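Okay, so here's the structure we're looking at.
The values are calculated or read from the model by the stated rules, or taken from the named source; none is laboratory data. Just so we're clear, the structure is a prediction, and the values are computed from it rather than from any experiment. Using ideal geometry, Cβ is built from the backbone for each residue, glycine included, and neighbour counts are taken over all protein chains shown.
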Amino acid sequence: MSIVIVATIRPRPETRADVIAALERVIPRVHAEDAGCELYALHEAPDRLVMVEKWADQAALDAHSRSDAFRQLTADLDGKLADRLEVHTLDPHPAGTAQQGTL
């Protein structure tokens, strides 16, 4: 079963553009390099950035957390965040149609 991650990133206001640029650099790498990546998508709100991720399994997620791309992102975000990353692993709760009721 796939694993869904929601990571909330709260950049300091003066570093928001830098944080977005770092994420824009890493996203194509993760899509291309991280086996088992089913979704790695950036979303925005005025006070936060949210990554919605879907991984084929725990092994794929574990490999991502050790990847060069993830290490680079961690380094690029150092000192630019107003708060720690907030990361949640979510369990699916299917409802409605198969296509619309789950990620």
Restricting the stretch 38-77 to residues that are among the acidic types (Asp, Glu) and not in a helix (DSSP H, G or I), the one nearest to Ile20 (Cα to Cα) turns out to be Glu44
State all residues of the stretch 27-52 that are farther than 11 Å from Ala7 by Cβ and not aliphatic (A, V, I, L, M); if no residue qualifies, say none.
-> Pro28, Arg29, His31, Glu33, Asp34, Gly36, Cys37, Glu38, Glu44, Pro46, Asp47
Just wondering, is there one or more residues in the stretch 35-53 that are of a type outside the set (A, V, I, L, M, F, W, C), more than 25 Å from Ala82 (Cα to Cα) and in contact with a helix residue (DSSP H, G or I) (Cβ under 6 Å, 6 or more places away or on another chain)?
-> yes
Evaluate the stretch 1-18: report whether one residue or more is exposed (fewer than 12 other Cβ atoms within 10 Å of the Cβ) and modelled with pLDDT under 95.
-> yes
Looking at the stretch 36-84, which of the residues that are surrounded by fewer than 11 Cβ atoms within 10 Å (Cβ to Cβ) and among the aliphatic types (A, V, I, L, M) is farthest from Pro13 (Cα to Cα)?
-> Ala75
The stretch 53-96, residues that are within 12 Å of Ile5 (Cα to Cα) and among the aromatic types (Phe, Trp, Tyr) | Trp55
Picking from Thr89, Thr97, Thr102, the residue that is surrounded by 11 or more Cβ atoms within 10 Å (Cβ to Cβ) and modelled with pLDDT under 95 would be Thr102
Does the stretch 26-37 contain any residue that is modelled with pLDDT of 95 or more, assigned to a strand (DSSP E or B) and under 13 Å from the mean Cα position of the chain (by Cα)?
-> yes
Checked the stretch 19-35 for anything among the acidic types (Asp, Glu) and crowded, with 17+ Cβ neighbours inside 10 Å; matches are Asp34
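Residue-by-condition table, conditions (1) of a type outside the set (D, E, K, R); (2) in contact with a Gly (Cβ under 7 Å, 6 or more places away or on another chain):
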{"residue": "Ile20", "(1), (2)": "yes, no"}
{"residue": "Leu39", "(1), (2)": "yes, no"}
{"residue": "Leu42", "(1), (2)": "yes, no"}
{"residue": "Ala45", "(1), (2)": "yes, no"}
{"residue": "Asp57", "(1), (2)": "no, yes"}
{"residue": "Thr74", "(1), (2)": "yes, no"}
{"residue": "Arg84", "(1), (2)": "no, no"}
{"residue": "Val87", "(1), (2)": "yes, no"}
{"residue": "Pro92", "(1), (2)": "yes, no"}
Looking at Ala95, Ala69, which is the one that is over 13 Å from the mean Cα position of the chain (by Cα) and of a type outside the set (Ser, Thr, Tyr)?
-> Ala95
